[in-house]
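The structure appears right after this line, and notes come after that.
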Amino acid sequence: MKYIKYISILILAFSFFSCGFYSFTGASISSDTKTFQVNRFENNALLIEPGLDLTFRNTMIAILENQTNLNNVNSNGDIVYEGEITEYRISPTTSTAENTAAQNRLTITIKVHFFDKNDPEAEFDQNFSFFHDYEGTAQLSGAIKDTAIEEIFERITQDIFNASLAKW
């Protein structure tokens with residue numbers, strides 16, 4: 001009985017450490033990977049929202065710091081995220097009998113270039129997009145805009161994290 005306990009602990013420990021680093025957030029990161037770098041995401045959307053590039057970069061850094069043990073660096077990172085904001089679009093999604101918008105949608109699309117110094121096969125160029133719907137009578141400003149952008153960036157950064165480090 002005593003040996004079964006030791007064997008179980010050994011198997012459990014081996015499964016955690018045999019394939020590099022594994023975190024409880026689902027990230028599978030090589031033990032050689034110690035740092036990450038998030039470069040500026042140029043805002044190239046047709047409709048420019050000032051400061052959106054900085055907000056996205058900070059959100060991306062926050063998710064990586066919260067869900068990994070990697071250190072943020074300004075240059076020469078083991079993994080690097082860069083890209084551009086390609087879309088910031090407001091469009092009506094439903095209309096009323098009076099032909100006015102009952103609901104509007106803010107859509108943001110980010111093109112991401114992901115580089116991994118220790119695993120070049122994991123690298124990708126991919127678009128990530130999400131949206132937020134809001135009342136057609138409301139203006140996209142103040143708290144409504146802040147909430148919309150926060151929700152969109154939370155989803156997009158989690159999708160980027162999953163595609164790059166969780167391999168989902």
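The values are calculated or read from the model by the stated rules, or taken from the named source; none is laboratory data. This is a predicted model, so every value here is computed, not measured. Cβ placement follows ideal geometry from the backbone for every residue including glycine, while neighbour counts extend to all protein chains displayed.
Among the conditions (1) within 20 Å of residue 55 (Cβ to Cβ); (2) surrounded by fewer than 13 Cβ atoms within 10 Å (Cβ to Cβ); (3) at pLDDT below 95, the only one that residue 134 does not satisfy is (2).
Those residues that are over 13 Å from the mean Cα position of the chain (by Cα) and either among the small types (Gly, Ala, Ser) or not in a loop (DSSP other than H, G, I, E, B) (or both), I need them from segment 47-66; list them, please.
51, 52, 53, 54
Within segment 139-159, restricting attention to residues that are of a type in the set (A, V, I, L, M) and farther than 11 Å from residue 59 by Cβ, the residue that is surrounded by the fewest Cβ atoms within 10 Å (Cβ to Cβ) is 143.
Among the conditions (1) surrounded by 16 or more Cβ atoms within 10 Å (Cβ to Cβ); (2) under 20 Å from the mean Cα position of the chain (by Cα), the only one that residue 125 does not satisfy is (1).
Screening 61, 108, 29, 79 for residues that are among the aliphatic types (A, V, I, L, M) and at pLDDT below 95 leaves exactly one candidate, 29.
On inspection, residue 106 qualifies as crowded, with 18+ Cβ neighbours inside 10 Å and closer than 22 Å to residue 44 by Cα.
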